[in-house]
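Working notes, beginning with the structure itself.
The values are calculated or read from the model by the stated rules, or taken from the named source; none is laboratory data. As the structure is a computational prediction, the values presented were derived from the model and not from experiment. Note: ideal-geometry Cβ built from the backbone for every residue, glycine included; neighbour counts use all protein chains shown. Just so you know, the surface numbers come from the protein's heavy atoms only, side chains and all, with ligands and any DNA or RNA stripped out. Shrake-Rupley method; radii C 1.70, N 1.55, O 1.52, S 1.80 Å.
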Amino acid sequence: MENKPPARGKLVTILSLDGGGVRGIIAGVILARLEKELQELDGEGARLADYFDVMAGTSTGGLVTAMLTAPNELGRPLFAAKEIVPFYMEHSPKIFSQPGGWLSVLPMPPRLLSGPKYDGKYLHELLRKLLGDKRLHQTLTNIVIPTFDIKKLNPTIFSSYKILTDPTLDAKLSDICISTSAAPTFLPSHYFVNEDINGKKTEFNLIDGGVTANNPTLVAMTAVSKQIIMNNPDMGNMNPLGYDHFLVVSIGTGSAKKEEKYNATKSSKWGILSWLYEDGSSPIIDCYSESSSDMVHYHISVAFQALDSQENYLRIDDDTLEGDTSSLDISTKANLENLVKIGEKMLKNRVEKMNIETGKYEPVPDDITNEQELKRFAKILSDEMKLRKSRSPTA
């Protein structure tokens, strides 16, 4: 951790992971590639948590964030990035298992009236076994995971920075991950009581972080800016809005072709049940998650372009998914394998930037792939880490 403070380097480094259920496999493929590039530069022991000042994740992205930053018994990350995809391949069919008994013969809308589509028991047990009693303060780098408190009707952001002034947020990572993954209609809301270091007990009534920010990149950047405003010595003399000194990698999990999945003719006839479930998906969730993600990407694109620092921001996503691959929960072997292929294809795709005039993704003029861009970012991250180490008091 001696090399961690941004004050010893030139940049603040941020990794952000969108929500998306089983589509987290796509992010897993991309993360494995980035970590491989870092290992080619710095050795097999290199892990993403060594290079990023902040790792942010929503819903399935929050789970991946915890897996990559929670310590194992040797004080290293619990998972290497290459282990994310196998983890999803093994556990997704059990997390999103098909209902049995009399519920299985009901059409989906009546079934949803009896409760969430999935009971969440397997996911909850898996996370408690995986993460044990590890708490937010124990992660190997700073993390930011958004949730939403349905009792207070307010976002609750679990942040390594916020626990410095609000220890009530220093909850178990398992409770945080269960909460940020509790997508309405899919998984149950999560209630827990956290006792902090001072013995104070706090109630939490939480649902999916996608309600707050399906793309948590801006939440992470804001967390950093706040620390600069508060004169955190780790941040040095940075400007709170000095995004030209931010290096940001933001990874989406894909979405359906925006012009094909729904339309006004169909939705004008929908009632409550159709908005909750239509054609195998949840339109209301798709709407708020996609709107949230796109608005965050738009805001950040404008900010980086205004500072002429577009080269410091990489967003990898795909809004052309079709059929089952755009689903949050279809966990058949065939669909999971297709998601792996989509992640691999996204690596080969040309880098796209948002046209701030139209709001649409457009390929950059140069024929640069996401894979090549990750290689460039890996070199910057490696150089930044080496600079910080050279300026460490123990160097």
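General observations
- Qualifying residue in the stretch 285-301 (condition: surrounded by fewer than 19 Cβ atoms within 10 Å (Cβ to Cβ) and β-branched (Val, Ile, Thr)): no
- Exactly one residue out of 204, 192, 186 is open to solvent by less than 20 Å² (accessible area, probe 1.4 Å), assigned to a loop (DSSP other than H, G, I, E, B) and either free of Cβ contacts under 8 Å to residues at least 40 places away in the same chain or aromatic (Phe, Trp, Tyr) (or both), and it is 186.
- Unmet criterion (only one of (1) crowded, with 18+ Cβ neighbours inside 10 Å; (2) modelled with pLDDT of 85 or more; (3) within 18 Å of the chain's Cα centre (by Cα)) for residue 321: (3)
- Scope the stretch 193-226; condition farther than 17 Å from residue 249 by Cα, aliphatic (A, V, I, L, M) and touching a Phe, Trp or Tyr at 6+ places or on another chain (Cβ under 7 Å); matching residues: 206, 207, 211
- Taken together, 339, 314, 328, 273 contain a single residue that is touching a residue at least 60 places away in the same chain (Cβ under 8 Å) and assigned to a loop (DSSP other than H, G, I, E, B), which is 328.
- Residue 211 being part of a helix (DSSP H, G or I), crowded, with 23+ Cβ neighbours inside 10 Å and under 14 Å from the mean Cα position of the chain (by Cα): yes
- All of 378, 334 fail the test of being of a type in the set (A, V, I, L, M, F, W, C), open to solvent by 50 Å² or more (accessible area, probe 1.4 Å) and outside any loop (DSSP other than H, G, I, E, B), apart from 334.
- The lone criterion from (1) over 24 Å from residue 292 (Cβ atoms); (2) open to solvent by 40 Å² or more (accessible area, probe 1.4 Å); (3) of a type outside the set (D, E, K, R) left unmet by residue 262 is number (1).
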